[in-house]
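Accompanying notes for the structure given below.
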Amino acid sequence: MGGLILILPLLAFDLWLLATTGKKQFQIWRRASAWPRLAGAAALGLALAVWLAFYVQYQWGSELRVIGLPVPVCFFHLEDGQWVDFVPPAPMQWAGCAVNFLTGLAAPFIPFKAAQFLRSVKAEL
């Protein structure tokens, strides 16, 4: 259950980003009939979602490999020259995959949120 410490804040961030900036940007593109931009963002988000949830593998040190980003869903550690896997319980693994997928969908909207933040800071100066 310790995985929830990582999963829940990322889930909240992704949902917040999609509900605020994603919804606003979608409405802007829809009003401007910018369908190629909308399709491009959707395709990029879907590609990132699949890649982050199912294909990302990286190494933490010389004896630990991890699958999944930003939530690790499977660990491999080196024991006597053999890679041994450690898979979390199925509910944690599925929740991790779901959050990784949602993070990929929300990622294209991060630059728009940064631009919105910079506009608000500039307006206050």
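Points worth noting:
- Count of region 27-47 residues which are touching a residue at least 12 places away in the same chain (Cβ under 8 Å) and closer than 22 Å to Ala98 by Cα: 5
- When Phe75, Phe26 are checked against the criterion of being farther than 27 Å from Pro108 by Cβ, hydrophobic (A, V, I, L, M, F, W, C) and either outside any loop (DSSP other than H, G, I, E, B) or under 18 Å from the mean Cα position of the chain (by Cα) (or both), a single residue qualifies: Phe75.
- When Phe86, Phe109, Phe101 are screened for being at pLDDT below 95 and among the aromatic types (Phe, Trp, Tyr), only Phe86 passes.
- For region 76-125, a residue qualifies if it is surrounded by fewer than 17 Cβ atoms within 10 Å (Cβ to Cβ), under 24 Å from Gly3 (Cα atoms) and of a type in the set (Phe, Trp, Tyr), and the qualifying residues are Trp83, Phe86, Trp94.
- Qualifying residue in region 44-52 (condition: in contact with a helix residue (DSSP H, G or I) (Cβ under 6 Å, 6 or more places away or on another chain), surrounded by fewer than 16 Cβ atoms within 10 Å (Cβ to Cβ) and assigned to a helix (DSSP H, G or I)): yes
The values are calculated or read from the model by the stated rules, or taken from the named source; none is laboratory data. This is a predicted model, so every value here is computed, not measured. Virtual Cβ from ideal backbone geometry, glycine too; neighbours counted across all protein chains shown.
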